[in-house]
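Report on the following structure.
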Amino acid sequence: MASALASVALSTTFARAVPLPENSMRIGAEKKHDNPLFKGKAFRRVSMAVSVNVSRFEGVTMAPPDPILGVSEAFRADTNDLKLNLGVGAYRTEELQPYVLNVVKKAEKLMLERGENKEYLPIEGLAAFNKVTAELLFGADNSVIQEGRVATIQGLSGTGSLRLAAAFIHRYFPDAKALISSPTWGNHKNIFNDARVPWSEYRYYDPRTVGLDFDGMVADIKAAPDGSFVLLHGCAHNPTGIDPTPEQWEKIADVIQEKNHIPFFDVAYQGFASGSLDADAYSVRLFVRRGFELLVAQSYSKNLGLYAERIGAINVVCSSSDAGTRVKSQLKRLARPMYSNPPVHGARIVANVVGDPNLFNEWKQEMELMAGRIKNVRQRLYENLSEKDKSGKDWSFVLKQIGMFSYTGLHKAQSDHMTDKWHIYMTKDGRISLAGLSLSKCEYLADAIIDSFHNVD
Ligand code: KET
């Protein structure tokens, strides 16, 4: 006992420098813990740690790297000159440098000149932002706006807005389920999991046709319990780059209506799919026209390049302005204990750009340039693949997909090969971000894809 006590005393002073003898670890373990939470093995180890000055967080296991943002971390660690980051959906110039839009710089200059303060925003965010963001999405002359039926609150970009909406679903529709496409943006599952909203998948991508499994999609939406929240990608579906046609959107609306489901749109790429803000809002506006109550999460990460500003919104279209007011009050109530109120800088940038006719027009031109650059590399990649691959494989799916990504069909081992041999970083589901590709790198990428596709099982 004396020696055991001595080692405890020693451990408090020299815990880091002097490793403890094995048996000294047992002292804390022998003491039963009263807290019923401390049941598992990991927690017993935590209680031991108290007496021997090992970390109290000993029971915390290592989290796996994020499937998308973790790719950027691995890319940064690679010292090879050939390396190419096609993981995260972030726009790069032809020189593969990050791009700050000119309209953003102009808006920021205006903000400096005006000497804006840094006071807290209200919980719902900047009023001028909330007004223009809803107008951009639904169209300023849309009756839902005129009639005050949209509850809009500024969110922490697309992710934060989705998360807030998920918390709202959990609180007000505790028995409802979310339906998400298979596949979908990886974080959707995390968001619903953390908000404790049960979810299941509906069929979306058909590997045989490298297109939309429309019948499967409709059948699964039909089979779901009435009143489910159906998560839909407003445009430029991530990761597949495959969107329903206008006729298919009508039919999707039919089945959602029939089942009394609630559409929940994720709009992270407005303007980036086609280059036109209005064309990319087609699906949302169609559902609004058809009289649905619905939710829409918006992001300005991609279309205004405001990734790090965390600026977006959640909009809930209600059947009356009265319901809208109440929904908004509850969204604010959810936001307050989560993050209190949102950051102001990105909101002011958006309000200045979208709210000023000159900057707004300039933005549209810049966005067309960005979307155009992606279309050019898409075309070049397709040509390189078709010319270089002598197997006769049809690569035309690359051209049919839209938005920032191409879903190559490469499986995990092939994607690993792309990284290990070619230093091309991409997500393990075979998605590549064409926004991170330049014309001059297309040939290298085509070589890597052909090699991985034909030589890795
Ligand atoms: N929805 C979709 C469909 C989406 O692809 C993203 C981001 C977001 C929402 C959220 O973006 P935010 O920056 O929170 O507004 N996707 C890219 C980045 C990421 O994974 O966070 C991506 O897929 O690479």
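One quarter of the convex hull surface, Cα atoms only: what value does that give for the range 70-115 in nm²? Could you put the intermediate results ahead of the total?
Numbers: hull surface 19.4 nm².
The Cα convex hull of the range 70-115, projected and averaged over all directions, gives 4.8 nm².
With the dipole of the chain worked out from charges on the C-beta (+1 for Lys and Arg, -1 for Asp and Glu) around the Cα centre, which of Ala446, Leu295, Val218 lies farthest toward the positive end?
The residue sitting farthest along the positive end of the dipole is Leu295.
Can you order the peptides 246-258, 53-65 by their average number of other Cβ atoms within 10 Å per residue, highest first?
Values: 246-258: 15.1, 53-65: 10.7.
For the peptides 246-258, 53-65, the packing ranking is 246-258, 53-65.
Can you give the direction-averaged projected area of the convex hull of the alpha-carbon atoms in the range 125-211, in nm²? Don't skip to the end; give the middle numbers.
Values: hull surface 30.4 nm².
If I average the Cα hull's projected area over directions, I get 7.6 nm².
Can you compute the helix-only [θ] at 222 nm over the chain? Use -39500 (n - 2.57) per DSSP H run of at least 4 residues, normalise by all residues, nearest 500 deg cm²/dmol. Display every interim value, and only then the final one.
Numbers: 18 runs with 212 residues, N = 457.
Only helices count here, giving -14500 deg cm²/dmol.
Write down the Å³ per residue value for the convex hull defined by the alpha carbon atoms of the range 183-334.
130 Å³
Can you give me the Rg/Rh ratio for the range 235-283, using Cα atoms for both radii and the Kirkwood formula for Rh? Display every interim value, and only then the final one.
On the way: Rg = 11.6 Å, Rh = 11.7 Å.
Rounded to two decimals, Rg over Rh is 0.99.
For the range 360-457, what is Rg from Cα atoms divided by 2.2 N^0.38 Å, rounded to two decimals? Can you show the working numbers first?
Numbers: Rg = 14.0 Å, N = 98, 2.2 N^0.38 = 12.6 Å.
Dividing the Cα Rg of the range 360-457 by 2.2 N^0.38 Å gives 1.12.
Return the Rg/Rh ratio of the range 100-170 with Cα-based radii and a Kirkwood Rh. Let's see the in-between values first.
Working: Rg = 14.8 Å, Rh = 14.4 Å.
Looking at the range 100-170, the ratio lands at 1.03.
Contact order normalised by length for the chain, with contacts defined as Cα pairs under 8 Å and 6 or more residues apart; what percent is it? Intermediate values should be presented prior to the final figure.
Working: 774 pairs, mean separation 95.4, N = 457.
Relative contact order of the chain: 21 percent.
When the dipole is taken about the Cα centre of the chain, and only Lys, Arg (+1) and Asp, Glu (-1) are charged at their Cβ, what size is it in debye, to the nearest 20?
Values: 54 positive and 52 negative charges, 324 e Å.
The dipole of the chain has a size of about 1560 debye.
Which one, Gln248, Leu232, Gly186, is farthest towards the positive end of the dipole of the range 157-264 when Lys and Arg carry +1 and Asp and Glu -1 on their Cβ?
Of the options given, the answer is Gly186.
Sticking with the crude label model, points 7 Å out along Cα→Cβ, report the distance from Arg56 to Glu368 in nm, one decimal please.
6.0 nm
With +1 on each Lys and Arg Cβ and -1 on each Asp and Glu Cβ, and nothing else charged, work out how big the dipole of the range 223-323 is about its Cα centre, in Debye to the nearest 20.
Working: 7 positive and 12 negative charges, 34 e Å.
With Lys and Arg at +1 and Asp and Glu at -1, about 160 debye.
With an 8 Å cut-off on Cα pairs and a minimum separation of 6 or more residues, tell me the relative contact order of the range 58-148 in percent.
Working: 25 pairs, mean separation 11.3, N = 91.
Computed over the range 58-148, the figure is 12 percent.
Whole-Å semi-axes of the range 56-184's equivalent ellipsoid, largest first, each the root of 5 times a Cα gyration tensor eigenvalue? Could you put the intermediate results ahead of the total?
Details: eigenvalues 215, 148, 65 Å².
Semi-axis lengths for the range 56-184 are 33, 27, 18 Å.
Explain nothing, just the number: dipole magnitude of the range 84-159 about its Cα centre with +1 on each Lys and Arg Cβ and -1 on each Asp and Glu Cβ, in debye rounded to the nearest 20. Present the calculation step by step, with values, prior to reporting the outcome.
Details: 8 positive and 10 negative charges, 26 e Å.
In debye, rounded to 20, the range 84-159 gives about 120.
Could you point to the residue in Ala167, Gln146, Pro122 farthest towards the positive end of the range 120-172's charge dipole, with +1 and -1 charges on the Cβ of Lys/Arg and Asp/Glu respectively?
My answer, from the dipole projection, is Ala167.
Can you give the Kirkwood hydrodynamic radius for the range 250-389, in Å, rounded to one decimal and based on Cα pairs? Write down the numbers at each step before the final one.
Numbers: mean 1/r = 0.0567 Å⁻¹.
Mean inverse Cα-Cα distance, inverted, gives 17.6 Å.
Report, in listed order, any pair from Lys393/Lys428; Lys177/Lys428; Lys131/Lys328; Lys302/Lys364; Lys375/Lys421; Lys83/Lys421 with a Cα-Cα distance greater than 20 Å.
Details: Lys393/Lys428 22 Å; Lys177/Lys428 28 Å; Lys131/Lys328 14 Å; Lys302/Lys364 13 Å; Lys375/Lys421 27 Å; Lys83/Lys421 10 Å.
In this structure, Lys393/Lys428; Lys177/Lys428; Lys375/Lys421 lie more than 20 Å apart at Cα.
Could you quote the convex hull projected area for the chain, Cα atoms only and averaged over all directions, in nm²? Could the numbers behind the result be given before it?
On the way: hull surface 111.5 nm².
Result: 27.9 nm².
Every read-out reported here was derived from the displayed coordinates using simple, explicitly stated rules and does not represent laboratory data. All values derive from a computational prediction rather than experimental measurement. Positions of Cβ are backbone-derived with ideal geometry, glycine not excepted, and every protein chain shown enters the neighbour counts.
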